[in-house]
Ligand SMILES: [Zn+2]
């Protein structure tokens, strides 16, 4: 069976059982988002939310740090910071974030896939299987990566440049033959400006030493877990640069370039 069909079968069986959504444990599947991707695109790189505060809303997710000091990944209750040297280390609870998305991950769909799959095909396969592109999906993948290309944004100095400028000079790292974990989300196209439409995924190696924002990969022996949710709780800053940022324009092209370009 092709990976596409395996995903379709997995989603269909949960739809038939009626347990795709978790009506019983509502709060457990609530996505919590601090600020917006639109604000980050505009150079709003300082937030007031600490990781200690963020952890109350979830222990699984992704984001960044004040001054855009690297990429964040969280899973299994632990938060990691991947700085511009590509190295990972645990996050101090006092560290702050200008943008993060977290949840308490409790997957409904689990798929095992041994054969080689690349990033584009993986996205297509999940897209074909999901019951709707208008709700939210959290994705966790554990696999062997024959090849994975990641970037880590470098710490910025004020006055902050827009993210699309930072992305032009971002350090990119390629890892080969490494076991590790992907954590991320699929947001609907209508989330444009609030979050990254489509897939946004971060990577951490199994030895917890390296990772970043994922640009491309080839993986095999994958365990894919997906949490389906319709709950999104967003809090935006009440002070700082966010209040004066111009967030009314169409940023779809800039988001595409800053977050997805390989
Ligand atoms: Zn990212």
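Just so you know, all these numbers are worked out from the coordinates, no wet-lab data involved. Treat the numbers as computed from the prediction; the structure is a model and nothing was measured. As a convention, Cβ positions derive from the backbone with ideal geometry for all residues, glycine included, and neighbour counts pool all protein chains shown.
What order do you get for 52-59, 145-152 when each peptide is scored by the mean count of other beta carbon atoms within 10 Å, highest first?
So the peptides 52-59, 145-152, ranked by packing, come out 145-152, 52-59.
Rank 252, 94, 35 by mean-square fluctuation in a GNM of the chain with C-alpha springs under 10 angstrom and give only the top-ranked residue.
Of 252, 94, 35, the Gaussian network model singles out 94 as fluctuating most.
Sort out for me the Cα centre separation of the range 162-215 from the range 59-78, rounded to whole Å.
Result: 11 Å between the Cα centres.
If R₀ is 41 angstrom, what is the calculated FRET efficiency for the pair residue 4 and residue 231, using the beta carbon separation as r and rounding to 0.05? Write down the numbers at each step before the final one.
Values: r = 28 Å, r/R0 = 0.67.
Working from the Cβ atoms, E equals 0.90.
Which of the peptides 162-172, 10-20 is most tightly packed, and how do the rest follow, going by the mean number of other Cβ atoms within 10 Å of each residue?
Details: 162-172: 16.3, 10-20: 13.9.
Output ranking for 162-172, 10-20: 162-172, 10-20.
With a/c under 1.5 counting as rounded, go ahead and sort the chain into rounded, prolate or oblate using the C-alpha gyration tensor (a ≥ b ≥ c being the square roots of the eigenvalues; past the cut-off, prolate if a/b is larger than b/c, else oblate).
Prolate.
Return one number: the angle in degrees, 0 to 90 and rounded to the nearest 10, between the long axis of the Cα atoms of helix 3-17 and the longest principal axis of the Cα atoms of the chain.
On a 0 to 90 degree scale, this one is about 80.
Rounded if a/c is under 1.5, else prolate if a/b is larger than b/c, else oblate: which is the range 1-95, with a ≥ b ≥ c the root eigenvalues of its Cα gyration tensor?
It comes out prolate by the Cα gyration axes.
Stretch residue 189-residue 110 to full length: gain in nm at 0.36 nm per residue minus the Cα-Cα span? It would help to have the intermediate numbers written out before the result.
On the way: separation 79, 0.36 × 79 = 28.44 nm, distance 2.44 nm.
The residue 189-residue 110 span can extend by a further 26.0 nm.
Taking only Cα atoms, what is the 0 to 90° angle, nearest 10, from helix 119-129's long axis to the longest principal axis of the chain?
60 degrees
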